[in-house]
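Where a number appears in this text, it was derived from the coordinates with a stated rule and is not lab data. These figures come from a predicted structure and were not determined experimentally. Don't worry about glycine lacking a Cβ; one is built from the backbone with ideal geometry, like all the others, and counts go over all protein chains shown.
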Amino acid sequence: MANARLSAIGMAIPEKIITNAFFENLIETTDEWIVSRTGIKTRYHAGPTEFTSDLCVKAVEDLVAQYPHVSLNEVDMILVATTSPDQPMPSMACRVQHRLSMSRAGALDIYAACAGFSYGVVMAKGLIAGGIHKKVLVLGAETLSKITDFTDRSSCMLFGDAAAAVLIEADETGGIGVGITGASGEGGPDLYLSGFAESIDGHPVTMNRCIVQNGRKVFKWAVNKVSEQIPILAAANGLSLDDIDWFIPHSANLRIIEAICKETGFPIEKILESIVDYGNTSSASIPIALYNGIKSGRVKRGDKIMIFGFGGGLAYAGMIFTW
Ligand code: UT7
C-alpha cells in the first residue's frame, strides 16, 4: 500500500474585507453580539464578477508560487470541495483543470459542505494508497456570500469567501494516516441550500437558493459529534489526543470550538482556527487555518495535525497527518 503525504499548500481570498460594522448597518445586530456569539471579527466577500473557480485558480497559483518544485502537469486528479460552485455543471474541478492546463488530471467536485475538504483528504489518501494515483490536488473553495440570505440575521454575518489547495502525493515516508467519515443524514433539514425539491423528509424547504440553518440544533450536533469522534479518530491512528500537536476543526463558530475543547479536554492553545479573521468559509476553513499556521511558523515539520470537518448533510470526516 503506497503511503502519502501532504506536501504543498496555497490559498486565496477576495480583496474586499467585511467588518461587523457592515452588518450593524444591514440588520438588527451589534459587533458585540457577533463577537461574543461567534468569535468572528472580519470575513471577505467576492466581487460581483468573482466566483469560486477564480479563487480556486488563485489558490493553486499561490501553491505553485510557494512550492516551485510542484509541477501541475504531474497531477493525476483534482478534487474540489465546494457548496457554492459558479454553476452546478461544469464542475469546479473541470474549470481548474482547463484554466491551469492540467493535461493529465481527472476532475471531480465533492458535495459534503463544511466536511468537504476533510472528505477530499480521505479520498486522496485512498486513491494513492490504492495505487490509482500518485498526485492529487485537493481544494476547499467557496463564495458563500453568493448564497447568503442577507435578511437572515441569525446567519448572514457568519459566512465568508476563500479557497485553499493542498497537494497530496505518494511518498514512502508516509505522513497521512487513517481517516474517518460519517453522516447524520436525519439532520438534512437542519442545514440546507434549496434546489428542485420543496421538502426534505417532509420538512418544507425555503426555496431561495440561500443557506438555511437551525443554528442551535447544528451547534449541539457539532459539539457532540466532534467530541465523540476525535478520540475514535486518534485511536484508529494508534494515538491519543495528547499526541496531537495541532487540531483544526471546521471553523463554524469559535464557541463550538471552545465547547469541543471543554468536552474533550483538548487544550485550546493547540487549536488552529480561521473563524476570527475569515468567518465560516465552509470547505475552505480547515486548509486556510493550516496555511496560516504554517506561514506563521507555529506549525513545524514533523508536527502531528488532526483535521475534522462537519456540516451540511449532516456529514463529517476527519484525518490525522504529519506535516
Ligand atoms: O458550518 C456549518 C455548520 N454550522 C454551524 O455549525 C452553525 C452552528 N450554530 C451557530 O453558530 C449559532 O447557533 C449561531 C451563531 C447561528 C446563532 O448563535 P446562538 O447563540 O445559537 O443564537 P440563537 O439563535 O440561540 O439566538 C439567541 C438570541 C435570540 O434572541 P432571544 O430569542 O434570546 O431574545 C436571537 O433572536 O440572539 C438573537 N439573535 C441576534 N441578536 C443580535 C440572533 N441573531 C442575532 C444577531 N444579532 N445577528
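For the peptides 173-182, 160-169, 242-251, 221-230, residues were scored by their other Cβ atoms within 10 Å and the scores averaged per peptide; the highest-first order is 160-169, 242-251, 221-230, 173-182.
Only Cα sites of the range 1-83 enter the Debye sum here, all with the same form factor; the resulting log10 I(q)/I(0) across q = 0.16 1/Å is -0.81, listed in q order. Give me D for the range 248-323 in µm² s⁻¹, whole number, from Stokes-Einstein with Rh from the Kirkwood sum over alpha-carbon pairs, 10 °C and 1.306 mPa s. In µm²/s, the coefficient is 125. With the convex hull drawn around the C-alpha atoms of the range 4-173, the volume per residue stands at 122 Å³. Placing a pseudo-label 7 Å from each Cα along the Cα-to-Cβ vector at E258 and Y111 gives an inter-label distance of 3.6 nm.
Convex hull volume per residue, computed on the Cα atoms of the range 158-285, equals 145 Å³. Taking the DSSP bridge list for the range 4-173 and keeping only pairs wholly inside it, about 70 percent are antiparallel.
Normalising the Debye intensity of the range 228-276 to I(0), with uniform scatterers on Cα atoms only, and taking log10 at q = 0.26 Å⁻¹ returns -1.04.
Residue-wise HN-Hα couplings along the range 105-115, as the Karplus relation 6.51 cos²θ - 1.76 cosθ + 1.60 with θ = phi - 60° gives them from phi, are 7, x, 8, 8, 9, 10, 9, 9, 6, 6, 8 Hz; Gly and Pro carry x. Residues whose amide H lies under 5 Å from that of F247, counting only those 5 or more places away or on a different chain, are I271, L272, M306; hydrogens are built 1.01 Å from N in the peptide plane. 3J(HN,Hα) couplings calculated from phi for the range 297-306 with the Karplus curve 6.51 cos²θ - 1.76 cosθ + 1.60 (θ = phi - 60°) are, in sequence order, x, 5, 7, 10, 3, x, 5, 8, 10, 10 Hz; Gly and Pro show x.
DSSP bridge analysis restricted to the chain gives an antiparallel fraction near 70%, rounded to the nearest 5.
The H on the amide N of I18, modeled in the peptide plane, is under 5 Å from the matching H of R43, Y44, H45, each at least 5 residues off or on a different chain. Amide H contacts under 5 Å for C210: S194, restricted to partners 5 or more places along the chain or on a different chain, H placed in the peptide plane at 1.01 Å from N.
Sorting E273, E198, E263, E142 by the number of Cβ atoms found within 10 Å of their own Cβ, with the fewest placed first, yields E198, E263, E273, E142. Put in line by how crowded their Cβ is, counting other Cβ atoms within 10 Å and starting with the fewest, S7, S103 read S103, S7.
Built from the Cα atoms of the chain, the convex hull projects on average onto 15.5 nm², one quarter of its surface area. Couplings 3J(HN,Hα) of the range 314-323, computed from phi: 6, 10, 8, 7, x, 7, 10, 8, 9, 6 Hz, in residue order, whole Hz [Karplus 6.51 cos²θ - 1.76 cosθ + 1.60, θ = phi - 60°; x for Gly and Pro].
The ranking of S283, S184 by Cβ neighbour count inside 10 Å, starting from the fewest, reads S184, S283. Legend: distances between Cα atoms for K16/K146; K225/K262; K58/K304; K225/K300; K58/K135; pairs beyond 22 Å are K58/K304; K225/K300.
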